[in-house]
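These notes are about the structure you will find just below.
Every read-out reported here was derived from the displayed coordinates using simple, explicitly stated rules and does not represent laboratory data. Since this is a predicted model, take the numbers as computed values, not measurements. For neighbour counting, all protein chains shown are included, and Cβ atoms are generated from backbone atoms with ideal geometry for every residue, glycine included.
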Amino acid sequence: MSETPRLFGTPREWAIDLAIMTVVGVFLGLIGPFGSFDNPDVAARVAYWVANVWIGFIALSTVVRLSAAGAMRFDLPVWFVIAVGVAVGALPLALGLRYFSAWVWPPNHGHLTPLFTQYIQVLALSEPLSFAYYFTVDRGWRGAAKHGWNAAAGPVPAPRAAAGVGAGFLDRLPARLGRELLCLQMEDHYVRAHTARGSDLVLTPLKDAIAELGATEGLQVHRSWWVARAAVAEPVTSGRNLILRLSNGLEVPVSRASVAKLRAAGWL
């Protein structure tokens with residue numbers, strides 16, 4: 001299984017992100033928001049905004065990463081934690097940019113922008129850009145945050161229960177999902193566990209998750225799916241394909257090789 005992303009990113013990720021932020025800075029320099037268009041020197045505007053965006057990105061991307069990790073670890077809404085984290089992080093950022101602007105922006109001539117005005121300007125750009133950053137480049141933080149981070153050596157894997165212990169896998173799920181497992185769905189190097197209350201990602205191969213479920217009554221019905229027998233509401237035939245409709249309305253495909261296995265087990 002490949003390594004999940006580090007909390008603070010790899011050099012390649014930073015290079016890509018900073019390249020994108022440079023483009024954003026150039027764009028802002030050309031349009032000149034918040035009165036900066038009053039400076040007719042386009043090169044100065046662009047340099048000013050690129051520097052601002054870089055400083056803001058380095059600060060706030062760190063806030064976003066930490067907020068995402070904290071939200072997943074403590075089972076809180078990611079959007080709320082990011083919004084609060086950015087609002088708090090924007091204050092020291094506004095303080096820094098306030099002095100930066102007075103120092104390098106010729107029209108200011110050492111004049112400090114009122115802190116409240118600077119904060120509102122920073123917040124107006126930071127909140128939408130931070131959410132766009134998180135939802136656009138989320139690099140597996142949702143799953144990795146649940147199982148621990150290691151900034152130097154990669155993620156710390158979650159402890160695994162011995163094979164055959166049904167509670168082992170269920171113990172990985174957040175309390176809000178309960179323990180009524182309906183099915184498992186493979187997503188790359190993760191397994192999405194569906195329960196009667198919702199779903200979440202767990203960092204583990206599907207075959208290992210199935211092994212941990214042990215005596216839990218269910219079958220792997222497809223290369224990417226395991227289903228609990230109690231969750232099956234009805235089998236549905238669609239042409240030559242068989243689908244299992246679960247109690248939560250989810251429809252799970254059945255591979256042709258698994259049809260005979262389901263019949264032998266009395267599912268059909």
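Peptide packing for 43-51, 15-23 was compared via the average number of neighbouring C-beta atoms within 10 Å per residue; ordered from the highest value, the list is 43-51, 15-23.
Packing-wise, with mean Cβ within 10 Å as the measure, how do 228-236, 80-88 rank, highest first? Write down the numbers at each step before the final one.
Details: 228-236: 15.2, 80-88: 17.3.
Ranking, from highest mean packing down: 80-88, 228-236.
Give me Rg over Rh for the stretch 203-268, both radii from the alpha carbons and Rh done the Kirkwood way, two decimal places.
Details: Rg = 11.7 Å, Rh = 12.3 Å.
Using only Cα positions, Rg/Rh for the stretch 203-268 is 0.95.
Phi-derived couplings, Karplus 6.51 cos²θ - 1.76 cosθ + 1.60 at θ = phi - 60°, listed residue by residue for the stretch 42-57: 4, 4, 5, 4, 5, 4, 4, 6, 4, 5, 4, 5, 4, 4, x, 5 Hz, with x used for Gly and Pro.
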